[in-house]
Amino acid sequence: MEAEGHGAGRIGSIRSPLWRHGRDGTWSDAAVLRLCFPRKKLLGALRSALAAKFADGKLTIVNAFDVKEPKTKQFRTALER
C-alpha cells in the first residue's frame, strides 16, 4: 500500500484498476460464469436446429468412418461418399 501524501492515499492497492498495470477493471470470472446460458435451453435450441435441418433434408447421419488411420484426407473422401 502506498503511503498518504503521494497521491495514492485512498487507492488501496497498486493492483487497483486505477493504476497502470493494475488488474482489469472489467468483470470477474465468476460474473462471466453467471452469464452462461442454461443447459436445458441450449439443448432445446440444438434439438430445434437439428429438427429444422432434418425437415429440410440437409441432415446427414454417419454411423462410423471406415478409415485405417486418422488422416484428414481419408475423412474427407469418406464424407464425400
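The values are calculated or read from the model by the stated rules, or taken from the named source; none is laboratory data. Nothing here was measured: the structure is a model prediction, and the numbers come from that model. Don't worry about glycine lacking a Cβ; one is built from the backbone with ideal geometry, like all the others, and counts go over all protein chains shown.
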Enumerate the pairs (first residue in the stretch 56-79 and farther than 27 Å from residue 46 by Cα; second residue anywhere and surrounded by 10 or more Cβ atoms within 10 Å (Cβ to Cβ) and modelled with pLDDT of 85 or more) with beta-carbon separation below 6 Å, excluding pairs fewer than 6 apart on the same chain, so at least 6 apart or on different chains.
67/74
Take the residues of the stretch 26-44 that are modelled with pLDDT of 95 or more and surrounded by 10 or more Cβ atoms within 10 Å (Cβ to Cβ): which is farthest from residue 14 (Cα to Cα)?
44
Give 23, 76, 15, 47 a once-over and let me know the one that is part of a loop (DSSP other than H, G, I, E, B), of a type in the set (Lys, Arg), within 29 Å of the chain's Cα centre (by Cα) and modelled with pLDDT of 75 or more.
15
With the requirement that a residue be exposed (fewer than 10 other Cβ atoms within 10 Å of the Cβ) and of a type in the set (A, V, I, L, M), what does the stretch 56-77 give you?
61, 62, 64
